[in-house]
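> Structure incoming, see below.
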Amino acid sequence: MRTDDLIADLAESPVATARPSLRIVGAMLGGWLVALVALLLVLGAPLASLSQTGMLPFGVKSGFAIAFLAASVSAAIAAGRPGKKLSLRLALIAVPFLALLALMTLELSSTPRGNWGGLFFGTTYMSCIAAITLASLPVLVSTLWAYREMAPTRPALAGLLAGLSSGAAAAVAYALYCPETTASFLLAAYTPAALAPAVAGWLLGPRLLRW
Amino acid sequence: MKQYDKADLLEAKLHALMVAGMSGHSGAYRTLLSLSADRLRSYFGRRLAGRDFDVEDLVQETLIALHRKRATYEQSLPFTAWLHGIARYRLIDFLRRDKRAVEVPVEDGFDEDETDAFGAMLAQLDVEALLADLTPKQVAAIRLTRIEGYSVREAAAMTGQSEPAVKVNVHRGLGRLMARIKGGDDAD
């Protein structure tokens, strides 16, 4: 086919009907609801531990998870647009973690060294990691599915960011259940839990997100 | 007053055309595609000097990619940066595929002697009668790559098979032919 003919063909439908970023957000919401229902079925009613922990730890947890989610989704969507600069968005992902780091320093300085283990591991360390990692799965599937509409020029990075977003979404859901109260715990448990789907996305990206 | 250089002017023009195109102006979109094709031709031409067919293939592939992924463009993004991102991705993809095509003889599994012996035998036999024994896909793959001298890529494009499929068909087909010529019996 001659290039001029191809151009004439393509020019017949200039308007793009797809809205890839909306579709990603919609798909993530769908996957997140599935994860939330799964948590409801397994862990029962949400916010049950709020009476023991009080509002503040719940606020810190949710605030952290939501900020983490917003930053990683924004970076993930930007990674699907060719020519878009990523560095600022990638740096923003670190902000909620830096805030936790500051809180952790405060907690450590006001806790005797012998009790530091409790700050980091609480009483629900393993179940927290398992819950967030499992809850991120439906979000990861739906996000990667919707992401194929995008045009990632670095599919591995795009997959990683999609996975990180899924982990963050799962953290938002699990924050409704988490009975822990320290920022140190959030850093020690939520971080590896969110990294698991990120690694999965990083490995899957080059296969699933090529175009 | 700020001095605009040529690149700024071109960007302003392409950006305006893209915005008009995305809001339904077919003529603007067509002009944009033509101008993009020129840009792409020189972009790929500089990197694949002398390979005019590959360059034109890549230009077309990139135009199709641009069209399919046009929803990922947003107006705040410089059009040239977006186009360059797509072109670079297509070029990397092409070079990766191209590398595989160059490696075909190594992966094919026949060593030098075997191939020569096969050629000598082939010359003495009725090629058409032999080929009649193979599946149509194997016949097409062997005929195009080994008799008519097309590359694996070209053969893949002509037959609609994937490149690995062409290689496999050539490999299996030749293996079967060798077995028949040597032993007279079917072997798979």
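The values are calculated or read from the model by the stated rules, or taken from the named source; none is laboratory data. If you're wondering where the values come from, they're calculated on a predicted model, not measured in any experiment. All Cβ positions, glycine included, derive from the backbone under ideal geometry; neighbour counts span all protein chains shown. Keep in mind that these areas ignore ligands, DNA and RNA; they rest on the heavy atoms of the full protein, side chains included. Shrake-Rupley method; radii C 1.70, N 1.55, O 1.52, S 1.80 Å.
> Here is a check on your reading of the model: is A:Ala45 surrounded by fewer than 12 Cβ atoms within 10 Å (Cβ to Cβ) and over 19 Å from A:Ala189 (Cα atoms)?
Spelling it out, A:Ala45 is indeed surrounded by fewer than 12 Cβ atoms within 10 Å (Cβ to Cβ) and over 19 Å from A:Ala189 (Cα atoms).
> Could you figure out which of (1) surrounded by fewer than 24 Cβ atoms within 10 Å (Cβ to Cβ); (2) more than 15 Å from A:Leu187 (Cα to Cα) isn't true of A:Trp116?
(2)
> If I filter segment B:19-54 down to residues being among the aromatic types (Phe, Trp, Tyr) and touching a helix residue (DSSP H, G or I) at 6+ places or on another chain (Cβ under 6 Å), which single residue comes out as farthest from B:Pro78 (Cα to Cα)?
My answer is B:Phe44.
> Sticking with this structure for a sec: So, in segment A:65-86, how many residues would count as being open to solvent by 10 Å² or more (accessible area, probe 1.4 Å) and more than 14 Å from chain B (Cβ to nearest Cβ)?
Residues that pass the stated criteria total 6.
> Next up: Could you tell me whether any residue of segment B:34-54 is open to solvent by less than 20 Å² (accessible area, probe 1.4 Å), at pLDDT 95 or above and touching a Gly at 6+ places or on another chain (Cβ under 7 Å)?
So far as segment B:34-54 goes, no, none of its residues is open to solvent by less than 20 Å² (accessible area, probe 1.4 Å), at pLDDT 95 or above and touching a Gly at 6+ places or on another chain (Cβ under 7 Å).
> On to the next question. With the requirement that a residue be within 7 Å of chain B (Cβ to nearest Cβ) and either free of Cβ contacts under 8 Å to residues at least 40 places away in the same chain or not in a loop (DSSP other than H, G, I, E, B) (or both), what does segment A:9-23 give you?
A:Leu10, A:Ala11, A:Glu12, A:Pro14, A:Val15, A:Ala16, A:Arg19, A:Pro20
> Another question, then. If you scan segment B:66-82, which residues turn out to be more than 7 Å from every other protein chain (Cβ to nearest Cβ) and either in contact with a Phe, Trp or Tyr (Cβ under 7 Å, 6 or more places away or on another chain) or closer than 19 Å to B:Phe94 by Cα (or both)?
B:Leu66, B:Arg68, B:Tyr73
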